[in-house]
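Below is one structure, written out as structure tokens; comments come after it.
The values are calculated or read from the model by the stated rules, or taken from the named source; none is laboratory data. Everything numeric in this text was worked out from a predicted model, so none of it was measured. Because the Cβ atoms are built from the backbone with ideal geometry, glycine has one as well, and the counts that use them run over all protein chains shown.
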Amino acid sequence: MSTLELVDASNRLARLPGLRSQSVGEAVAALSQRYRSHRLEFGHQRSVELDFRHHAIDLGKASLNLLRYGPRLVVDAGSFDTFYMIEFPLRGGVDILYGDNRVHSRVGGGLVLSPGTYIRSNWHEDTTQIMLRLDRTFVESAWQRRTGSPVRQTPMFRPELDLSSPEGRRIARLIGVMVTEQIEAEATALAPMPLVHAVLETLFDHVPATTVATVEALAGGPVPHYVGRFRRLLDDPAALPQPVGALAARIGISQRALSAGMRRFTGFSPHEYLTMRRMEHARVLLERSDLPIASIAGAVGYAHAGRFAAAFRGHFGVNPSRLAFPDDN
């Protein structure tokens, strides 16, 4: 019954205005803006046809989401630093590297993903998920009120959630009611937060959790200044052709220390983050300039157009020629 309730909720969400696109760049940009910066990987697939769909209802401190990519792919999201995500696949499934563990969700089950843990998700083909996003500070405040702790803490929930369990069935029903009330009642919709609080109470009562002082404590303290400087440095396109070693030297840190800090606090190695920023800038140049592909490759640090094309295809799932500025001739 709970799965049927979620399917009905997803069908209602799918009828809302949302983003539908075959563009990898558009999908990454949309979800990076809504959630956090991430990247998509397509393995050795030579050609990928994306069937991206995202529909959402904003509830204030939470949001309801329907998300689909279409093909098999990997979503490298680093760590969720500002939110929790409860997600249930309606078709397909997801295998996740979750910190040092591997967790799985299939139809009939789901996951509760807590902030501060490195997340790398392997989406199966044709996977569609309904998800409830919860602001981290909202969850922490509710936890503090419940426990009476004088110090704000970040609860880290056991990730697996079984839809055949009482707590799984209740969360599914609550999500279904939230969607129904927000869509059918339109402007006169009942306030959704009591239902969101009911989801939290269900988690607090029935899903085991450990706590840390804050999610920053889990990450080991405030983000080091050199991590922020490295990321800001790459906002300048002129820095993109430089290798990681030269960039580390510019900010006065060893390459080894930079690598350790980036992986710990962002989930990306310096080279992975540099590649992501190179690909993002290359996509902008391909779509908005008439530069030849070889010149764009050089502008983002690739001496050989073939290596650039392979990196671009691995990141976005299409060849750079598919996005090249059209020739008026």
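The figures follow:
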| read-out | value |
| --- | --- |
| Selection status of Ile86, over 16 Å from the mean Cα position of the chain (by Cα) and touching a residue at least 40 places away in the same chain (Cβ under 8 Å) | no |
| Close pairs from the range 300-312: first in contact (Cβ under 8 Å) with a residue 60 or more places away in the chain, partner crowded, with 18+ Cβ neighbours inside 10 Å and of a type in the set (A, V, I, L, M), Cβ under 9 Å, at least 6 apart | Val300/Leu240; Val300/Met279; Val300/Ala282; Val300/Leu285; Gly301/Leu240; Gly301/Leu274 |
| Only listed residue being under 21 Å from Arg120 (Cβ atoms) and either of a type in the set (Val, Ile, Thr) or modelled with pLDDT of 90 or more (or both), chosen from Arg264, Arg278, Arg250 | Arg278 |
| Out of Gly78, Gly25, Gly93, sole residue that is at pLDDT below 85 and either of a type in the set (Val, Ile, Thr) or touching a strand residue (DSSP E or B) at 6+ places or on another chain (Cβ under 8 Å) (or both) | Gly78 |
| Sole residue being aliphatic (A, V, I, L, M) and either outside the structural domain of Leu59 (by TED's automatic domain parsing) or buried (at least 18 other Cβ atoms within 10 Å of the Cβ) (or both), chosen from Leu134, Leu90 | Leu134 |
| Members of the range 302-318 that are at pLDDT 90 or above and either in contact with a strand residue (DSSP E or B) (Cβ under 6 Å, 6 or more places away or on another chain) or surrounded by 19 or more Cβ atoms within 10 Å (Cβ to Cβ) (or both) | Tyr302, Phe308 |
| Verdict on Gly110 being surrounded by 15 or more Cβ atoms within 10 Å (Cβ to Cβ) and part of a loop (DSSP other than H, G, I, E, B) | no |
| For Arg283: the one exception among (1) in contact with a helix residue (DSSP H, G or I) (Cβ under 6 Å, 6 or more places away or on another chain); (2) assigned to a helix (DSSP H, G or I); (3) without any contact (Cβ under 8 Å) to a residue 60 or more places away in the chain | (3) |
| Residues that are over 21 Å from Tyr302 (Cβ atoms) and assigned to a helix (DSSP H, G or I), drawn from the range 250-261 | Arg256, Ala257, Leu258, Ser259, Ala260, Gly261 |
| Residues of the range 176-231 satisfying the condition of being polar (S, T, N, Q) and at pLDDT 95 or above | Thr202 |
| Residue tally, condition hydrophobic (A, V, I, L, M, F, W, C) and more than 19 Å from Phe316 (Cα to Cα), over the range 7-37 | 5 |
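Here's the yes/no breakdown for (1) closer than 16 Å to Phe80 by Cβ; (2) touching a Pro at 6+ places or on another chain (Cβ under 8 Å); (3) surrounded by fewer than 19 Cβ atoms within 10 Å (Cβ to Cβ); (4) among the charged types (D, E, K, R):
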| site | (1), (2), (3), (4) |
| --- | --- |
| Asp100 | no, no, yes, yes |
| Gln129 | yes, yes, no, no |
| Phe157 | yes, yes, no, no |
| Glu160 | no, no, yes, yes |
| Gly168 | no, no, no, no |
